[in-house]
């Protein structure tokens, strides 16, 4: 199986996928959380305190609510959302280099981004870019 086929066959784990049905209140809250994180995605300084402040919660309240509603931690949610967006950017061929993709999703260190991406999806982002160019 070539790299492109392997990439296309990879199951993208969306931070919102495989969740139990949410109440309307929780669904609205998750949309607000997702919207804010996506609006700040390219910011490497995006943090739990900044998100908590935006949502008018303490950091502890945010942690508890994310854990209860999304069954993950806030930091993992941010990381998964960044990787999900990177997956789509790479698939679209929007950017020419891995460095551009890493910066577009808020990672200042390309090597760290590449390692996380490889751990999550089983393929290196550079291999995807090579396949798309061919």
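The values are calculated or read from the model by the stated rules, or taken from the named source; none is laboratory data. If you're wondering where the values come from, they're calculated on a predicted model, not measured in any experiment. Backbone-built Cβ (ideal geometry, glycine too); neighbour counts: all protein chains shown.
Below is a table of values for the structure above.
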| read-out | value |
| --- | --- |
| Residues of segment 95-113 that turn out to be within 17 Å of residue 46 (Cα to Cα) and crowded, with 20+ Cβ neighbours inside 10 Å, as a count | 6 |
| Residue selected from segment 54-71 under the condition part of a helix (DSSP H, G or I) and touching a residue at least 40 places away in the same chain (Cβ under 8 Å), by the criterion surrounded by the most Cβ atoms within 10 Å (Cβ to Cβ) | 70 |
| Selection from segment 75-94 of residues that are more than 11 Å from the chain's Cα centre (by Cα) and either surrounded by 18 or more Cβ atoms within 10 Å (Cβ to Cβ) or in a helix (DSSP H, G or I) (or both) | 89, 90, 91, 92 |
| Restricting segment 114-124 to residues that are over 11 Å from the mean Cα position of the chain (by Cα) and in a helix (DSSP H, G or I), the residue that is nearest to residue 43 (Cα to Cα) | 114 |
| The lone exception for residue 128 - which of (1) at pLDDT below 90; (2) assigned to a loop (DSSP other than H, G, I, E, B); (3) crowded, with 19+ Cβ neighbours inside 10 Å it fails | (2) |
| Residue list for segment 105-134, restricted to those being in contact with a helix residue (DSSP H, G or I) (Cβ under 6 Å, 6 or more places away or on another chain) and touching a residue at least 24 places away in the same chain (Cβ under 8 Å) | 105, 106, 107, 113, 117, 120, 123, 125, 126, 127, 128, 131 |
| Residue list for segment 35-53, filter: outside any loop (DSSP other than H, G, I, E, B) and either surrounded by fewer than 16 Cβ atoms within 10 Å (Cβ to Cβ) or touching a strand residue (DSSP E or B) at 6+ places or on another chain (Cβ under 8 Å) (or both) | 35, 36, 38, 39, 49, 50, 53 |
